[in-house]
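What follows is calculated from the coordinates using simple rules that are stated; it is not laboratory data. A quick note: this is a predicted structure, and the numbers were derived from the prediction, not measured. Glycine also receives a Cβ, built like all others from the backbone with ideal geometry; neighbour counts cover every protein chain displayed.
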Amino acid sequence: MRGTALRQRLAELRGPDVPAKALDARALAALAANPGCKRRAILDGAGVDKAALAGALGSPSAFGQSQFALTRGNAFEAKVKADGGAELLRLVHERLDPAARPPVDAAVPELSAIGPEGRTARTALALREATAAAGGWTLLDHPMLALDVAGSAAFLEPDAVVVHPDGSWTVVEIKSFPMLDGSADPAKVGAAARQAAVYVLALEEVAARLDPAPRVRHRVLLVCPKDFSNLPTASAVDVRKQRAVTSRQLARLTRIQDIADALPEGACFSPELPAEQLTAAVESVAASYAPECLAACELAFHCRDRSRAAGAVTSLGRSVRAELGALTTVEDVLAAARGETGDPRDPAVAALRRAAGLRAEALEAAAGAEPPAGLWSVPTPAAGAVPACR
Amino acid sequence: MSLIATLARLEAVATGRAQPTATVRHRRLSQRPLVFVPLTTAGEAGAPLGALVGTDRDAPRLLVVPQPRDRDLRFAFLAELADVVLPYIDSYADAVEAAERNETDPETGKRVKVEVELCADAPQLIVPSRAGVDYVRLLGRSMRFRRTAEQDPQTPYPAPPRVPLLGRWLTHFGERSRVPGSALLQAVTELLGRHWATGQSSLEDQHLGALLAWIDPPAGETGAQAALRAELARDADGQLLCPPAGPATDPAFDNKLLAPAIERYDRARTALAAAQDGLQADDLLGALTAAEGEIRALVSSRMLPTWDAVWRGLDLLRSLPEGAHVEERWTRDRWSFTGHRDRVVAGEPPQPRRDDAVTAANKLATREREQARLEAQEALDDPLVMAARRLAGEAFAGEVVDVVMAYGEGKRPSPRPLVTVRTEDLPHLAERAKVYRSLGGKPQAAEFVRWAAEGDAGRADGGHGAGGAGLLVLRIVDKMGRGKEPEAGSVPEKGDRLCFTLFEHEQRGGAKLPDPEETPWTHGGPPGEQTPEAPDSVTQEDLL
């Protein structure tokens, strides 16, 4: 009953006749990276199209994917999965489970069904059958998994899930960035690992409903093009840490119900509303902006504007906050540094004043004609006499 | 980020303009740098789309790959790039001066001085951003194992001559850029970010346009407004007014302008290939040339703003005087350049994919040592950098209030004067801690003796009152000559303003590593006979 009421409420927030935008693993991983952001939680939970919303607010997002990358990515995934996933299963066997029997005649069950709920049920059924019929390999191509996120269901679609002969399950993530001489861009691998961790969590929910519960492997397989070719190569990635972090952050997410209850009556995020009304609605729920949001959230430019207008020091980076103690706005910090406000016994204030004094002294010394004798006058050492380092 | 740098950022927010975080320029800028603005194709590794390259800001050389997935066109691009970059590098290889180097004599095992050549100057590659530096490495990696038809007549898809050589040089530039303080390959965003603090986060500073907007905003605009325009403003076509500095392009550009243009080019090429007779072929060739011209214009329009921005950034950096120790670090770059020149001339194989244990350990040790050296030298060259060290308790400045002559307790009494310094800084001094000051460019060491008491405010415990000054006693221990009386000017005098550091000014090399043949088993044992690296496998279906 409560679920229906919430769904009704979230549909109202989205606006009449606006279809819900599905939460994907990428969005979930981003959400888990900033669990304090209620704004993102409610907008994602309600399935609001944040890109459209940002456009309507007058701060359009800069996200997009080049069709070149898309074509290349799709071609690579098709190549990896060709021939009933023979190459993919070979890589899983080689990298994760070399002791098992080689994957020949692997089963590739049909997973199509109507609607995400139907596909989720179909996937769960296929997983159960494959696990029961142990002894062979099974490849699930684009299965659908459901994960409860802050009180509403998110449907996730991993690239592939493999059932091993021993009945354990592995998440496979296919990416089109290259693995160069065995190593790939750490930032991209990190993003892929966080995404895969979300799938592992969702798979574990499916596994928990089976008896005996099959093991979901915490080492996922990351498949990438090798060097400069489009031949696939793979590496096992341990996602235990990402899984633990994501699981904790998802549990911490403020319940969407609570956020929805705190919203004013009639609040709505439909992109068709006038900008002032939308701004008011968006402002009615708190955000926690940090520069990292720019790479992960469509609404980031809007939140940045607001954060800057409020003079929040976090808009310069989360680390900045750490050394400023209780001072949270630019004006407060500068006033304290100038000695106009603040308690000099506060260590943060004292450090600020010393920093400001030293900075002013140094700039003065540099601007003045000659620095104090002997202080900064360092003659150039003889050139050509430093053979120690090549 | 030190509190002083944070403060500079906050001041930038308040004033709407970037604030200095350095009073001198801490990196060498060549008189004739080679600026390289590359663009790459989304989704493909090492598939260049185009580049602007050259030493003359008014005449960049435009290189474009009209169909980035065509292997031949890509090789043509790389060959053209080699025609620009290699002559530039060669122009520095010939002018040499004599220098000495310590080497181990293979027969006696002693360290002896050997006369060697050192290039009088070195080339310098400037790219727009950090991603550009990575791209130089990537291009280097993609080329250096390629085989030319001359090296290996059997090789499928041979590379044009000189392309593998360009790969080796770009790899060297990329590898050298990982050494702190080196200047052979530099990104303008990093250079600007080192010398100015903007009112935005360091993440946003990676956008060259936004960074320049903060440092040098147009008249009547604040840095924040100008930066926002640089980040987001689009024209009627939905294209960014300030295109990203690359190598990645804006997806909107790819989808709306580039993809249709490439499609037209592909169609024109197919039509030409299917031409029935010469007359028809002439027309179709014209169409193909037009399609190619269109792509060239498009790609160049995305790169020209970045090209201008890079030069503007260099102008801004040139307005700062060069730091005193920059020349010394540049000499190290010259050694690095000379060393690689010699390896190429000696016919050594390209840099391996993975370093052996000893090489890797050497590289890490070098980077650590250079990092420490850079930090010390920047502080010595620049009062603003020293201010951050003083705030952190790693240095202190003050006035000499008393000098008492004293002597050491050895058989031959040597001068060990006691110097009392009044400072408002709060150095973290342990008992008998060594401190250093610069004396004629050389470090003079002193030993911390004790905090002194001043009048009634007894602070023998070293306690500092809030905002008050402290007195500390130091014992000078070297650089005073051999005699009983210290040499003139080698002992501070009353009234001198001095700055002492707790860190050493010069870095000593670490323990020597074994030769590669002596690699211990813990590190994989001796690497054995080096097998030449195999070229990357190429297949017909690679969209190369």
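Of A:Pro165, A:Leu273, A:Thr71, which is farthest towards the positive pole of chain A's charge dipole, taken about the Cα centre with +1 and -1 on the beta-carbons of Lys, Arg and Asp, Glu respectively?
Comparing the listed Cα positions along the dipole, A:Pro165 ranks first.
Of A:Ser61, A:Gly15, B:Val491, which is farthest along the charge dipole of the protein assembly as shown in the positive direction, counting Lys and Arg as +1 and Asp and Glu as -1 at C-beta?
Value: B:Val491.
Which of the chymotrypsin sites (Phe, Trp or Tyr not before Pro) found in segment A:5-111 are loop residues per DSSP with 16 or fewer other Cβ atoms within 10 Å of their Cβ?
Filter output for segment A:5-111: A:Phe63.
Determine ³J(HN,Hα), in whole Hz, for all residues of segment A:101-111 in sequence, where each value follows from phi through the Karplus function 6.51 cos²θ - 1.76 cosθ + 1.60 and θ = phi - 60°; x replaces Gly and Pro.
Ordered by residue, 3J(HN,Hα) equals 6, x, x, 10, 6, 6, 7, 10, x, 6, 10 Hz.
Taking amide H positions as placed in the peptide plane 1.01 Å from N, state which residues far from B:Arg17 in sequence (5 or more) or on other chains have amide H under 5 Å from it.
HN-HN under 5 Å from B:Arg17: B:Gly223.
Remind me, relative contact order of segment A:323-366 in percent, using alpha carbon pairs under 8 angstrom and six or more residues apart?
For segment A:323-366, the relative contact order is 32 percent.
Please compute the length gained on full extension between A:Leu273 and A:Thr328, using 0.36 nm multiplied by the number of residues separating them and subtracting their Cα-Cα distance.
This chain segment gains 16.5 nm when fully extended.
Normalised by the residues of chain B, what does the relative contact order come to in percent, with Cα pairs under 8 Å and at least six apart?
16
Per the helix-only calculation at 222 nm, which mean residue ellipticity applies to chain A, given -39500 (n - 2.57) for every DSSP H run of n ≥ 4 and division by its residues, nearest 500 deg cm²/dmol?
It lands at -15000 deg cm²/dmol.
Grab the other residues whose beta carbon is less than 10 angstrom from that of B:Phe503, score K and R as +1, D and E as -1, and report the net.
Net local charge, B:Phe503 excluded: -1.
Quick check: convex hull over the Cα atoms of segment B:152-218, volume per residue in Å³, rounded to an integer?
Dividing the Cα hull volume of segment B:152-218 by its residues yields 146 Å³.
Suppose we look only past 15 Å in the calculated P(r) of segment B:1-109. What percent of the Cα-Cα pairs does that tail hold?
I get 78 percent for the Cα pairs in segment B:1-109 exceeding 15 Å.
In deg cm²/dmol and to the nearest 500, what is the mean residue ellipticity at 222 nm of chain B if only DSSP H runs of at least 4 residues count, each as -39500 (n - 2.57), divided by the residue total?
-12500 deg cm²/dmol
Determine ³J(HN,Hα), in whole Hz, for all residues of segment B:255-266 in sequence, where each value follows from phi through the Karplus function 6.51 cos²θ - 1.76 cosθ + 1.60 and θ = phi - 60°; x replaces Gly and Pro.
Once rounded to whole Hz, the list reads 6, 8, 10, 6, 4, x, 5, 5, 5, 4, 5, 4.
Output wanted: per-residue J couplings in Hz (rounded whole) for segment A:277-282, from phi through Karplus 6.51 cos²θ - 1.76 cosθ + 1.60, θ = phi - 60°, x for Gly and Pro.
Result, rounded to whole Hz: 5, 5, 4, 4, 5, 5.
Expressed as a rounded percentage, what relative contact order does chain A have, with Cα pairs under 8 Å and six or more residues apart?
That works out to 18 percent.
With viscosity set to 0.692 mPa s at 37 °C, what whole-number translational diffusion coefficient in µm²/s follows for segment B:36-86 from Stokes-Einstein and a Kirkwood radius over Cα pairs?
Result for D is 294 µm²/s.
Can you figure out the FRET efficiency of A:Leu111 with B:Asp235, using R₀ = 45 Å and their beta-carbon distance, to the nearest 0.05?
So, using R0 = 45 Å, E works out to roughly 0.50.
If I model segment A:67-250 as equal point scatterers sitting on the Cα atoms and use the Debye formula, what is log10 I(q)/I(0) at q = 0.12, 0.18 Å⁻¹?
Relative scattering, expressed as log10 I(q)/I(0), comes to -0.54, -1.27.
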